[in-house]
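This report refers to the structure that appears directly beneath it.
The values are calculated or read from the model by the stated rules, or taken from the named source; none is laboratory data. The model shown is predicted, which means the values in this text are computed figures rather than measured ones. Glycine also receives a Cβ, built like all others from the backbone with ideal geometry; neighbour counts cover every protein chain displayed. Just the protein is used for accessible areas: all its heavy atoms, side chains included, with ligands, DNA and RNA removed. Shrake-Rupley method; radii C 1.70, N 1.55, O 1.52, S 1.80 Å.
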Amino acid sequence: MIKFFRHIRQNLIMENKTGKYFKYAIGEIILVVIGILIALQINNWNEQRKTRNAEISYVNSIKNDLDGDRETINYIINNTLDRIKAHEMIVDQLKSFDTISDSRPLFKLMRNNVGFTDLKVQDYTIETLKNSGNIEIIRSELIRAAIQNYYDTVEIIYVQQNVMNNYVTNNDLEKLFNYLDNQKGIENNTKVPFDNRSRKNLPNAYAFLSHWVSNLKGYVNLLNNLDRKNTALIDLINTNYPKK
């Protein structure tokens, strides 16, 4: 192609057609500029396509994380509701402790339900985006805000989990139901009366259980809130990034 244009220029010069030569030269320059602009536009389209593909990949990865979170959240909600029921059952039994001839079942119920299941969300994708500074690759401000709101709520739950873990650690649960005597009774298959030591610890048991049930209910409320945000964010992603 270059030889072709060079041949035309040489013929025009040899034929002393200077005016036509300059016109042709200007036309050739215009063609070169147009070619450069087209090349730049194609390159721009390619970069936009790569960015768009990366955006879709990140969003799909976040959605996969959210799908996994939803299963975990629902499991922990149900598990915590079971623990609340168990603790409320313990409180009801303590109200009539005089009729308790063997405290081992109460002890087992207490021991098996103290504590809670920690939430740990799948946050690899969002952490990668934040650490790389690529969060802006998600063009929708609405989705970015929803993602930020979701993970802010997760952080609030992590704080609550820390508070609850400290509460359990700082309370001497072994004293609440004659821990050692109950353990020996279970090992030896012998009854453990609800004796004077247990009666003495009743106020502490009530205080612990009441506050703990309150903590668990607050935990469930936070998890339900996170579950709603999880569902809303998934719906938002599905709407803005429909599968082809």
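Going by the conditions given, is Ser101 open to solvent by 70 Å² or more (accessible area, probe 1.4 Å), under 26 Å from Gln183 (Cβ atoms) and of a type in the set (S, T, N, Q)?
Numbers: open to solvent by 70 Å² or more (accessible area, probe 1.4 Å): yes; under 26 Å from Gln183 (Cβ atoms): yes; of a type in the set (S, T, N, Q): yes.
When the stated conditions are applied, Ser101 passes them.
Could you look through the range 167-189, keep only residues that are among the polar types (S, T, N, Q) and under 19 Å from Asp98 (Cα atoms), and pick out the one that is modelled with the highest pLDDT?
Looking only at the range 167-189, we keep the residues that are among the polar types (S, T, N, Q), and these are 169-171, 178, 182-183, 188-189.
Pick out the ones that are also under 19 Å from Asp98 (Cα atoms) and you get 178, 182.
Working: Asn178: 65, Asn182: 76.
So, considering only residues that are among the polar types (S, T, N, Q) and under 19 Å from Asp98 (Cα atoms), the one modelled with the highest pLDDT is Asn182.
For the range 223-231, state whether one or more residues are of a type outside the set (A, V, I, L, M, F, W, C), assigned to a helix (DSSP H, G or I) and in contact with a Phe, Trp or Tyr (Cβ under 6 Å, 6 or more places away or on another chain). Break it down stepwise before answering.
Here is the first cut: in the range 223-231, the ones of a type outside the set (A, V, I, L, M, F, W, C) are 224-225, 227-231.
Within this subset, residues satisfying the condition of being assigned to a helix (DSSP H, G or I) are 224-225, 227-231.
Still in the running and in contact with a Phe, Trp or Tyr (Cβ under 6 Å, 6 or more places away or on another chain): 229.
The answer is yes; a qualifying residue exists.
Kindly establish whether Leu106 is modelled with pLDDT under 85, open to solvent by 80 Å² or more (accessible area, probe 1.4 Å) and among the hydrophobic types (A, V, I, L, M, F, W, C). Even if it seems obvious, please write down each step before you answer.
Values: modelled with pLDDT under 85: yes; open to solvent by 80 Å² or more (accessible area, probe 1.4 Å): no; among the hydrophobic types (A, V, I, L, M, F, W, C): yes.
No.
State which residue pairs qualify: first residue among the β-branched types (Val, Ile, Thr) and inside the range 229-243, second residue surrounded by 11 or more Cβ atoms within 10 Å (Cβ to Cβ) in any location, beta carbons under 7 Å apart, and separation of 6 or more residues or different chains.
Ile234/Lys63; Ile234/Leu66; Ile237/Val59; Ile237/Lys63; Ile237/Ile143
Search the range 135-166 for residues being charged (D, E, K, R) and open to solvent by less than 90 Å² (accessible area, probe 1.4 Å), and hand back the single one that is nearest to Ile234 (Cα to Cα). Don't jump to the end; show me each part of the working.
Start the filter on the range 135-166 by keeping residues that are charged (D, E, K, R), which leaves 136, 139, 141, 144, 152, 155.
Checking which are open to solvent by less than 90 Å² (accessible area, probe 1.4 Å) leaves us with 144, 152.
Numbers: Arg144: 12, Asp152: 16 Å.
Taking the candidates together, the pick is Arg144.
Considering each residue of the range 193-214, count those that are surrounded by fewer than 19 Cβ atoms within 10 Å (Cβ to Cβ) and either at pLDDT 85 or above or of a type outside the set (Lys, Arg) (or both), and give that number. Steps first, answer last, please.
Applying the first criterion (surrounded by fewer than 19 Cβ atoms within 10 Å (Cβ to Cβ)) to the range 193-214 yields 193, 195-197, 199-204, 206-207, 209-211, 213-214.
Filter once more, so that each one left must be either at pLDDT 85 or above or of a type outside the set (Lys, Arg) (or both): 193, 195-196, 201-204, 206-207, 209-211, 213-214.
Counting residues in the range 193-214 that are surrounded by fewer than 19 Cβ atoms within 10 Å (Cβ to Cβ) and either at pLDDT 85 or above or of a type outside the set (Lys, Arg) (or both) gives 14.
Pairs, please: C-beta under 8 Å, at least 6 apart or cross-chain, first residue closer than 17 Å to Gly218 by Cα and in the range 110-132, second of a type in the set (Gly, Ala, Ser)?
That search, which allows pairs on different chains as well, returns Asn113/Ala86.
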